[in-house]
1. Pop out the carbon and sulfur fraction of the accessible area of the chain as a percent, whole number, probe 1.4 Å.
2. Could you work out the relative contact order of the chain, using alpha carbon pairs under 8 angstrom and six or more residues apart, expressed as a whole percent?
3. What length, rounded to one decimal in nm, is gained on full extension from ASP21 through to MET1, with 0.36 nm per residue of separation minus their alpha-carbon distance?
4. What does the charge count around ARG2 come to, taking other residues whose C-beta lies under 12 Å from its C-beta (Lys +1, Arg +1, Asp -1, Glu -1)?
5. Along the positive direction of the dipole of the chain (beta-carbon charges: Lys, Arg +1; Asp, Glu -1; about the Cα centre), which of VAL42, GLN32, THR66 reaches farthest?
6. In terms of modelled amide H atoms, which long-range or inter-chain residues lie less than 5 Å from the amide H of ARG24?
7. Given [x] 0.97; [y] 0.92; [z] 1.03, which label gives Rg/Rh (Cα atoms, Kirkwood Rh) as computed from the coordinates?
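The values are calculated or read from the model by the stated rules, or taken from the named source; none is laboratory data. Computed from a predicted model, the values in this text were never measured in an experiment. Reconstructed Cβ throughout: ideal geometry from the backbone, glycine too, with neighbour counts over all protein chains shown. What goes into the accessible areas is simple: the full protein's heavy atoms, side chains included, and nothing from ligands, DNA or RNA. Shrake-Rupley method; radii C 1.70, N 1.55, O 1.52, S 1.80 Å.
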Amino acid sequence: MRGVVAAFDEHKGYGTVRAEDDGREYFFHCTQIADGSRTIAVGTPVTFEVVPGHRGRWEAVRLTSTG
């Protein structure tokens, strides 16, 4: 999927990514940033996958910056 980082809290290590196709937002943890960094700027265009996550919600994984 393609999208953009909608929010990210560096201190807590998590954020959300907004999908380009349907506008849904998916939670992600900093360990899912594919390049190994632990931070990503809000507004960064990314590709990602969606998988079933904790607490019954869908989560974004393998975030890769495209910008």
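1. Details: 2060 of 4200 Å².
Accessible surface attributable to carbon and sulfur in the chain totals 49 percent.
2. On the way: 154 pairs, mean separation 21.3, N = 67.
This gives 32 percent for the chain.
3. Numbers: separation 20, 0.36 × 20 = 7.20 nm, distance 0.81 nm.
Extending this stretch completely gives an extra 6.4 nm.
4. On the way: positive: ARG18; negative: GLU20, ASP21, ASP22, GLU49.
Net local charge, ARG2 excluded: -3.
5. Positive-most Cα among the choices belongs to GLN32.
6. ALA19
7. Computing Rg/Rh (Cα atoms, Kirkwood Rh) and matching it to [x] 0.97; [y] 0.92; [z] 1.03 gives [y].
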